[in-house]
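The values are calculated or read from the model by the stated rules, or taken from the named source; none is laboratory data. Remember, predicted model here, so these are calculated numbers, not experimental data. Positions of Cβ are backbone-derived with ideal geometry, glycine not excepted, and every protein chain shown enters the neighbour counts. Only protein heavy atoms, including side chains, enter the accessible area calculation; ligands, DNA and RNA are left aside. Shrake-Rupley method; radii C 1.70, N 1.55, O 1.52, S 1.80 Å.
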Amino acid sequence: MEFYLAPMEGITGYIYRQAHDKYFHTVDRYITPFIAPNQNRCMNSREKQDVLPEHNQNMAVVPQIMANQALVFLKTCQELQEMGYSEVNLNLGCPSGTVVAKKRGAGLLGELEMLERFLEEIFAKSPVEISIKTRIGLERPEEFQKLLAVYNQYPVKELIIHPRLQKDYYNKKPNWEVFKEAVRDSRAPLCYNGDLFTEKDYRQLVDTFPGLGKVMLGRGVLVNPNLIGRIRDGRELSKDTLYQFHDQLFREYGEILSGGRNLLFKMKELWFYMCHVFTNPDKYYKRMKKAEKLSVYQSAVEAIFEEQSLKEGYNS
């Protein structure tokens, strides 16, 4: 099985990827948070920093692009190829209302003619291979049959399917019945994405789809950065490794973010997920959230590591 880390805007950038690869080294492929090109530029400075080759050494990284205009998509592909990338991922899955209103991300799924024209041009002219990350439709599961018929017309390197509708956001359970249709009918190789939080979730998936060769994990890895190691070989998570992982993130975010407030915001965002790996995390996480000084935040971090254990199933 190949394991991918899902793109999560503001979280899984190059600093997170570097630290995760150093301390856990379990991800086969990282998909970057999306690049959103426009008529004036392919990438802003933050997006360019995220995909610079020197920030992604010794990792398999695929830049993700969110666009609905072929010209800007292709210009971005060209720039990424010049950086050394041979593949990009097209975002057709972002469910955000503001994104969908602009007919980007999952919003393009409701415009089949526009989608076909877009795919026709980018697959005809792209200098790099293109994989697609998609949802199964906007409002009804039945939409997926027509979407898959569109995808099957093109040489999609890989189809990463999050089997939820756009309107579901991250609610309801992923629709495995629709994913079965993809397993049966997709011409492109498939990767599954959606609600793989624990080893048990993963085992249930592969028992249901025994021929599946690729899965993408997101929030489950943010909670337990060792989740893939646990799945692969029963590897245990240690507090010492987790502490070192945290410290590298804290140190390196501190080097690029201006001011303690921005650093605190970034670390609190990570602890929203990571606190759940500990027993009784609530009072510590509450202290972190309320912290307005780095010293207060660091005191709360030290306390949770000293006073709490890792939950059963993460370290045993």
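Being open to solvent by 40 Å² or more (accessible area, probe 1.4 Å) and in contact (Cβ under 8 Å) with a residue 40 or more places away in the chain is the filter; apply it to segment 186-200 and report the residue that is nearest to Asn224 (Cα to Cα).
Ranking the candidates gives Thr198 first.
I'd like to know if segment 2-12 contains one or more residues that are in contact with a His (Cβ under 8 Å, 6 or more places away or on another chain) and surrounded by 21 or more Cβ atoms within 10 Å (Cβ to Cβ).
Within segment 2-12 (the criterion being in contact with a His (Cβ under 8 Å, 6 or more places away or on another chain) and surrounded by 21 or more Cβ atoms within 10 Å (Cβ to Cβ)), the answer is yes, since at least one residue qualifies.
Collect the residues in segment 26-70 that are among the charged types (D, E, K, R) and either in contact with a Phe, Trp or Tyr (Cβ under 6 Å, 6 or more places away or on another chain) or more than 25 Å from Met114 (Cβ to Cβ) (or both), keeping them in residue-number order. Before you say what the answer is, go through the steps one by one.
Narrowing segment 26-70 to residues among the charged types (D, E, K, R): 28-29, 41, 46-48, 50, 54.
Those that are among the charged types (D, E, K, R) and either in contact with a Phe, Trp or Tyr (Cβ under 6 Å, 6 or more places away or on another chain) or more than 25 Å from Met114 (Cβ to Cβ) (or both): Asp28, Arg29, Arg46, Lys48, Asp50, Glu54.
Got a number for residues in segment 254-300 being of a type in the set (A, V, I, L, M, F, W, C), open to solvent by 30 Å² or more (accessible area, probe 1.4 Å) and part of a helix (DSSP H, G or I)?
Summing the residues that are of a type in the set (A, V, I, L, M, F, W, C), open to solvent by 30 Å² or more (accessible area, probe 1.4 Å) and part of a helix (DSSP H, G or I) in segment 254-300 gives 5.
Picking from Leu212, Leu147, Leu196, which residue would you name as being at pLDDT 95 or above and part of a helix (DSSP H, G or I)?
Leu147
Residue by residue through segment 221-237, note down the ones that are modelled with pLDDT under 95 and closer than 20 Å to Phe272 by Cα.
If the condition is that a residue be modelled with pLDDT under 95 and closer than 20 Å to Phe272 by Cα, then Leu237 is the only one that fits.
Condition check: exposed (fewer than 15 other Cβ atoms within 10 Å of the Cβ) and in contact with a helix residue (DSSP H, G or I) (Cβ under 7 Å, 6 or more places away or on another chain). Does Ala303 satisfy that?
It is true that Ala303 is exposed (fewer than 15 other Cβ atoms within 10 Å of the Cβ) and in contact with a helix residue (DSSP H, G or I) (Cβ under 7 Å, 6 or more places away or on another chain).
What's the number of the condition Lys172 fails, among (1) exposed (fewer than 15 other Cβ atoms within 10 Å of the Cβ); (2) at pLDDT 95 or above; (3) not β-branched (Val, Ile, Thr)?
Failed condition: (2).
Restricted to segment 40-83, and to residues that are basic (Lys, Arg) and over 26 Å from His20 (Cβ atoms), which residue is surrounded by the most Cβ atoms within 10 Å (Cβ to Cβ)?
Result: Lys75.
Return the only residue of Arg232, Arg251 being exposed (fewer than 15 other Cβ atoms within 10 Å of the Cβ), closer than 20 Å to Lys200 by Cβ, out of contact with any Cys (no Cβ under 7 Å at 6 or more places or on another chain) and of a type in the set (Lys, Arg).
Arg232 is the lone residue from the list that is exposed (fewer than 15 other Cβ atoms within 10 Å of the Cβ), closer than 20 Å to Lys200 by Cβ, out of contact with any Cys (no Cβ under 7 Å at 6 or more places or on another chain) and of a type in the set (Lys, Arg).
Among (1) touching a Ser or Thr at 6+ places or on another chain (Cβ under 6 Å); (2) of a type in the set (Lys, Arg); (3) exposed (fewer than 15 other Cβ atoms within 10 Å of the Cβ), there is one condition Lys157 misses while meeting the rest; what is its number?
All conditions pass for Lys157, except number (3).
Can you pull out every residue in segment 164-186 that is farther than 18 Å from Val150 by Cα, basic (Lys, Arg) and assigned to a helix (DSSP H, G or I)?
Hit for segment 164-186 is Lys167, nothing else.
Restricting attention to segment 66-84, does a residue exist that is within 14 Å of the chain's Cα centre (by Cα) and not in a loop (DSSP other than H, G, I, E, B)?
Looking for residues that are within 14 Å of the chain's Cα centre (by Cα) and not in a loop (DSSP other than H, G, I, E, B), one finds none in segment 66-84, hence no.
Among (1) on the phi > 0 side of the Ramachandran plot; (2) in contact with a Leu (Cβ under 6 Å, 6 or more places away or on another chain), which single condition is Asn58 missing?
Just one mismatch for Asn58, condition (2).
Any chance you could count how many residues in segment 213-229 are crowded, with 16+ Cβ neighbours inside 10 Å and touching a strand residue (DSSP E or B) at 6+ places or on another chain (Cβ under 8 Å)?
8
How about segment 138-169: which of its residues are more than 22 Å from the chain's Cα centre (by Cα) and among the basic types (Lys, Arg)?
Arg140, Lys146
So, in segment 33-65, exactly how many residues are touching an Asp or Glu at 6+ places or on another chain (Cβ under 6 Å), in contact (Cβ under 8 Å) with a residue 40 or more places away in the chain and assigned to a loop (DSSP other than H, G, I, E, B)?
Of the residues in segment 33-65, 1 are touching an Asp or Glu at 6+ places or on another chain (Cβ under 6 Å), in contact (Cβ under 8 Å) with a residue 40 or more places away in the chain and assigned to a loop (DSSP other than H, G, I, E, B).
Could you list, in sequence order, all residues of segment 97-137 that are under 20 Å from the mean Cα position of the chain (by Cα), hydrophobic (A, V, I, L, M, F, W, C) and in a loop (DSSP other than H, G, I, E, B)?
Across segment 97-137, the qualifying residue is only Ile136.
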